[in-house]
Structures are given as structure tokens and as C-alpha cells.
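Just below is one structure, and these are the notes that go with it.
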Amino acid sequence: MPERRTVALVTLGCARNEVDSEELAGRLEADGWQLVEDAEDADVAVVNTCGFVDAAKKDSVDALLEANDLKGHGRTQAVVAVGCMAERYGKDLAEALPEADGVLGFDDYADISDRLQTILNGGIHASHTPRDRRKLLPISPAERQESAGSVALPGHAPADLPDGLAPASGPRAPLRRRLDGAPVASVKLASGCDRRCSFCAIPSFRGSFISRRPSDVLNETRWLAEQGVKEIMLVSENNTSYGKDLGDIRLLESLLPELAEVDGLERVRVSYLQPAEMRPGLIDVLTSTPKIAPYFDLSFQHSAPDVLRAMRRFGDTDRFLELLDTIRSKAPEAGVRSNFIVGFPGESEADLAELERFLNHARLDAIGVFGYSDEDGTEAATYENKLDEDVVAERLARISRLAEELVSQRAEERLGESLHVLVESVDPAEGVYGRAAHQAPETDGQVLLTSGEGLSVGRMVEAKVVGTEGVDLVAEPLQGSIGCSEEADR
């Protein structure tokens, strides 16, 4: 019997890329490939790249070069680039990085097995030619679902696939294969974005906004729960737009309670919310539904009106603070995180002071700060009133210091608060770590539990906050709460 072909998936970037990698893994496993964890043990190393900002692109290139270094020293025979950077740059990336044996775009995902086999056999598959994916679907959202089947939508593979394609995990199994045993997993709610923020290139390579059907989201969530997942995080470029192409902009409000009722699931988290699209009904569902985390990942980006208008965005400091007051009036313990860009073209000292005013009053649990840099193909790249790089760097350092201080203060406000903590790691030497409802994976800090007795990964435990370490919390499990997985997340 011939030895099975082996493949390793190396994933960079956001949670959406993680979902895409697990779909690729499902496709490859269904076609007979053996999935291995380390690139050095694989015939083919597939690097799922990120193409969002310069730092992410550099990380992607470094990962491709690192995988290429394995060739000739072990089993690895080929290195292939997929993901956002490959989709965005295609042939240009292939020419600039000859170490990659293939550069595949989203349109290649359905035939990923054949593509990798061709490359492994020494053949050449033409590198992906980039195109504006916004033009692949109708302008009108109401007309997009009819065309969805003709457009590659990574992470949208439906459940109940034809015989022979789905992994043998039951009739509801999606075309997805989990790449780790973590108790949390992301689920694609939609893809693409219809917003035209002047600094963002994502819509050009991820396409126009299109929702997944609720039945597919539910089926995938049920399947993940059967695999032992305790928390799902709904991801897309813009979750607040979910349902607009399905005829119901409030569809998320009805879907969330259904997801919360999935057997075995402990928590549902929603990410990527647009402040300008927040609705009273959505806030109500997020703050009052058992097992739905009262968590608000709000994309503010700035708070000075002139900067926001130049970004093609809406709002200002006072309106954003009003939104936060509304949320906290319904759920005082709600978690809020956001990202901000400083040094945007035309940003004045007064604009920066306005951003500082917002941050000082917002009481955010987690803050990401980025210095502006031009992105290919964006409107902002054509602006003339650019700030000097050293000014951008100084403002980035200034706001980053403030952000670090403020999130530490916000953590201290939680002293004495009771949390439901999902245990994610148990190590005799390192301790027991997990996350509370206000903490998303990777980005928002974690909770160190003072006692690990009776705890295992995937258990939900009620604990009282007794200390802080920057953005992180230290909490003591409450008596009788070990394994209190039936409790609501509030």
C-alpha cells in the first residue's frame, strides 16, 4: 500500500483564516491526504497568509521562507502560499518570492488536492491572477445569494455534503477538519464587506458582503459541539450586516438564541461589530440572552469627526460614549474592545487629543493601536496630507502607552467581580488559565485561576477576581462551582 501524502497547514492572521485552514484541511483529508502538525513532517507545507497590513505581510513571507528552508533537509518537498496575501498579490508574490512553489487564490480552494498533487509531482500550476472580488457579485445585496454558488467563498462550505466528501463524523459534518483540540472555535457568519473605509483594502480581495444561510451556521455549530467545542466565536468582516442579503437585517438577533441552545455549547461570542450599524434589538440580545457573551468588539478606529470622515466612517466621541452607556446600562459587566489608527493623513494634535478624550472615558477592556501606513489600492494612499513617519511613530507610542494604562485600570475595576471562566489550559508548572465572557481568544487577556483542583480543559468555572496583572486577571474558583457548565455566562 503506497504511503499517504502528507500536508501541514500553517495559519497566520485572524480567526477567519483559521476557519479557512480547517476547511482546506477537510477538503484534503476527504481526498486522502494525511494531515500533520509540523511542516517538517509534511510532503507539502501550505502557508495560509495574511495580507492586511505590512507587519502581517512580513510575517507571512517569513513563514514561507522558514518552510522553504525545510526542503532538502527532511520530508518537505514543496511550499505553497494560500490566503489573503496570495489572493491579493498572486503573480506578483510568486515573482517576488520564487521560494514558494505555488501561489493559489481562493478560486483554487475547491480543487486544492489536485493543485497540491500537481505541484508535488513537479508540475507547474499558473499563479493566481488577482482581481477585484467586489465585482464578482451583484451590486444589490438582495441578488447576491443566487450568484453565491458561482463564487469561491472560503469558510462557507455547507453541511450535509454529498457522500464521499464529508469526513465520517455524521450527516451534519461540514467540510471542515479541526486542527487543534481547543475548546473554542470560530464559525464564519459571512464574508466580504460593503463598507468603503478609505484605509482598508480587504473588500477588494475578500469581495462584497454575503451571508451564510442560518441552517449552515447552525449545523456547523452543532458539529463543533459534538467535537467537544464549548465556545464558538462568530466571525466575518462585518457581523452587524448579517442577513441584509437574505432579506432580514435583524437575522442575527433571531439566530443567536438558536445557537445558544445547541447541546453541549457553553458560550457564543460575536466579533467584528460596526458601531454605525448597532441596533437596539441586537444590543438587547447580546446583553440578555443566556450563554451569549455580553461582548462588544466595536470597530471605532478613531473618535475625531474630521479623521472619521476622511476614513469614510461615521460617529464621534460623544456618540460612541452614548453607545457604550447604552450597552452598560443593560449589562454593566459587558466587555468592550476596539482598534484605533493613529497618524492618519491630516490628523491634527486636536484630533489626537479628541481620541485621548474618548479613550479616557470609554473604559475599554482591550485596545489595539496601529500607526497608519499606506495600503495598495486604497483611497487613503492617494491623500496628500500625510504625516511624517516619525510623527506617526511618536503618536503610536503615545497612544499605546495610554492604552496600556487604561486597560490595566479597567482590569482593576473588575476586582471582586464574579466571572464564568472557560478553562483553556491546565499545566502543573504554568497553572490553570482560561477566559471570561469579556475576553476573546488571543486578543483580550486571560484569567489565571488560583486553584486547579478538579479542573480540566473545556470546563466552565465560576470564579471571583482577586488580582490583576496588566490586562490579565487572577481569580479564585468559588466553592461548589467546579465544572458549573450548566450556568449561564452572566
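The values are calculated or read from the model by the stated rules, or taken from the named source; none is laboratory data. Because the structure is a prediction, the values reported are computed rather than measured. FYI the Cβ positions are ideal-geometry reconstructions off the backbone, even for glycines, and counts take in every protein chain you see. These accessible areas exclude ligands, DNA and RNA; they are computed on the full protein's heavy atoms, side chains included. Shrake-Rupley method; radii C 1.70, N 1.55, O 1.52, S 1.80 Å.
Which residues, counting only those in the range 224-259, are in a helix (DSSP H, G or I), out of contact with any helix residue (DSSP H, G or I) (no Cβ under 9 Å at 6 or more places or on another chain) and open to solvent by 10 Å² or more (accessible area, probe 1.4 Å)? Within the range 224-259, Ala225, Glu226 meet the criteria. The residues listed here are Arg27, Arg88; of these, the one that is open to solvent by 40 Å² or more (accessible area, probe 1.4 Å) and either assigned by the TED database to the domain that holds Ser236 or of a type in the set (D, E, K, R) (or both) is Arg27.
Residues are listed down the side, and each one gets a yes or a no for (1) within 23 Å of the chain's Cα centre (by Cα); (2) open to solvent by 20 Å² or more (accessible area, probe 1.4 Å); (3) assigned by the TED database to the domain that holds Pro290:
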site: Arg319; (1), (2), (3): no, yes, yes
site: Glu322; (1), (2), (3): no, yes, yes
site: Val336; (1), (2), (3): yes, no, yes
site: Phe340; (1), (2), (3): yes, no, yes
site: Ala350; (1), (2), (3): no, yes, yes
site: Leu355; (1), (2), (3): no, no, yes
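Among the residues of the range 289-316, just one is surrounded by fewer than 21 Cβ atoms within 10 Å (Cβ to Cβ) and in contact with a Lys or Arg (Cβ under 7 Å, 6 or more places away or on another chain), namely Arg312. The numbered conditions (1) under 18 Å from the mean Cα position of the chain (by Cα); (2) over 28 Å from Pro174 (Cβ atoms); (3) of a type outside the set (Phe, Trp, Tyr) are all true for Lys91 except (1). Consider the range 400-455 and keep the residues that are of a type in the set (Asp, Glu) and buried (at least 17 other Cβ atoms within 10 Å of the Cβ). The one that is farthest from the chain's Cα centre (by Cα) is Glu424.
The rows are residues; the columns are (1) open to solvent by less than 20 Å² (accessible area, probe 1.4 Å); (2) closer than 17 Å to Pro154 by Cα; (3) of a type outside the set (Asp, Glu); (4) not assigned by the TED database to the domain that holds Ser191.
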site	(1), (2), (3), (4)
Pro98	no, no, yes, yes
Asp101	no, no, no, yes
Gly105	yes, yes, yes, yes
Asp108	yes, yes, no, yes
Ser113	yes, yes, yes, yes
Leu120	no, no, yes, yes
Ile124	no, no, yes, yes
Leu136	no, yes, yes, yes
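Filter the range 335-393 down to residues that are assigned to a loop (DSSP other than H, G, I, E, B) and among the small types (Gly, Ala, Ser), then give me how many there are. Within the range 335-393, residues that are assigned to a loop (DSSP other than H, G, I, E, B) and among the small types (Gly, Ala, Ser) number 5.
Could you check, for the range 41-63, whether at least one of its residues is without any contact (Cβ under 8 Å) to a residue 24 or more places away in the chain, buried (at least 18 other Cβ atoms within 10 Å of the Cβ), touching a strand residue (DSSP E or B) at 6+ places or on another chain (Cβ under 6 Å) and among the acidic types (Asp, Glu)? No.
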